[in-house]
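**Q** Below: one structure in structure tokens.
The values are calculated or read from the model by the stated rules, or taken from the named source; none is laboratory data. Because the structure is predicted, anything quoted here is derived from the model rather than measured. Counting neighbours? That spans all protein chains shown, and the Cβs are built from the backbone with ideal geometry, glycine included. In case anyone asks, the SASA skips ligands and DNA or RNA and just uses the protein heavy atoms, side chains included. Shrake-Rupley method; radii C 1.70, N 1.55, O 1.52, S 1.80 Å.
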Amino acid sequence: MATERTLSIIKPDATRRNLTGKINAMLEEGGLRFVAQKRIKLDRERAERFYAVHKERPFFNDLCAFMTSGPVVVQVLEGDNAVARNREIMGATNPADANEGTIRKSFAESIEANSAHGSDSLENAAIEIACFFSDDEIVG
Ligand code: ATP
Ligand code: MG
């Protein structure tokens, strides 16, 4: 299996409820390793840039407002097939569709406030990691 890196974000609904440690434990127990992590507050411009692929979607404005509503924890995860593995551990976008034991099934409040983000391809992972981390901040 290929070792990959992916970007994960613990979203404001989860930091507000003090769930960072529980979510991080699920990621580690799922076989992923934190090679970078920081807690930040996104501003509107950065949130819009990050979610630019969704800018025509009806939920774009609300999503950017939500993502700037409190702190987020941005993190680089490393492991075998890390992109797909992280998305398995997170579960489906809509918590109503997420499998038991996933982050979103366990913690998400709604399809929007769904506790975690994970890159959806290796190519996007590299782009998203570079949005938040310089090479010297990632220690494998
Ligand atoms: P993420 O990109 O956050 O990892 P995802 O890839 O599962 O999630 P996307 O389709 O990329 O889902 O949507 C990005 C985010 O936009 C979702 O995680 C969620 O917070 C929000 N979102 C998606 N669909 C809806 C919707 N129908 N209504 C409200 N918010 C939504
Ligand atoms: Mg996505």
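**Q** What does the accessible area per residue of segment 72-131 come to in Å², with a 1.4 Å probe and no ligands, DNA or RNA counted?
**A** Solvent-accessible surface per residue comes out at 43 Å².
**Q** Could I ask something else about it? Once you have the alpha carbon radius of gyration of segment 1-82, what is it after dividing by 2.2 N^0.38 Å, with N set to its residue count? The partial results should precede the final answer.
**A** Details: Rg = 13.9 Å, N = 82, 2.2 N^0.38 = 11.7 Å.
Taking the Cα Rg and dividing by 2.2 N^0.38 Å, one obtains 1.18.
**Q** ³J(HN,Hα) across segment 97-106 via Karplus (A = 6.51, B = -1.76, C = 1.60, θ = phi - 60°), whole Hz, x for Gly/Pro?
**A** Along segment 97-106, the couplings run 9, 7, 5, 4, x, 7, 4, 6, 4, 6 Hz.
**Q** Turning to a different aspect of this structure: Can you run phi through the Karplus equation (6.51, -1.76, 1.60; θ = phi - 60°) for segment 19-32 and list ³J(HN,Hα) in whole Hz, with x for Gly and Pro?
**A** Once θ is set to phi - 60°, the couplings for segment 19-32 become 9, 4, x, 5, 5, 4, 5, 5, 5, 5, 5, x, x, 9 Hz.
**Q** Would you mind computing Rg(Cα) / (2.2 N^0.38 Å) for the chain, counting N as its residues?
**A** 0.97
**Q** Need the full-extension length gain, Arg39 to Ser110, defined as separation in residues times 0.36 nm minus the C-alpha distance. One decimal, nm.
**A** Gain on extension, Arg39 to Ser110, equals 23.3 nm.
**Q** So, with a 1.4 angstrom probe, what is the percent of accessible area on the chain that is carbon and sulfur?
**A** Summing carbon and sulfur atoms, their accessible area is 47 percent of the total for the chain.
**Q** Here is a further query. Divide the volume of the convex hull of the Cα atoms of segment 35-87 by its number of residues and quote the answer in cubic angstrom per residue. Each step should come with its number before you reach the end.
**A** On the way: hull volume 4.8 nm³, N = 53.
So the per-residue Cα hull volume is 90 Å³.
**Q** Which FRET efficiency value, to the nearest 0.05, do you get for Thr93 and Asp136 by plugging their Cβ-Cβ distance into 1/(1 + (r/R0)^6) with R0 = 35 Å?
**A** It comes to 0.60.
**Q** Pop a pseudo-label 7 angstrom from the Cα along the beta-carbon direction at both Ala126 and Val53 and give the gap in nm to one decimal.
**A** 1.5
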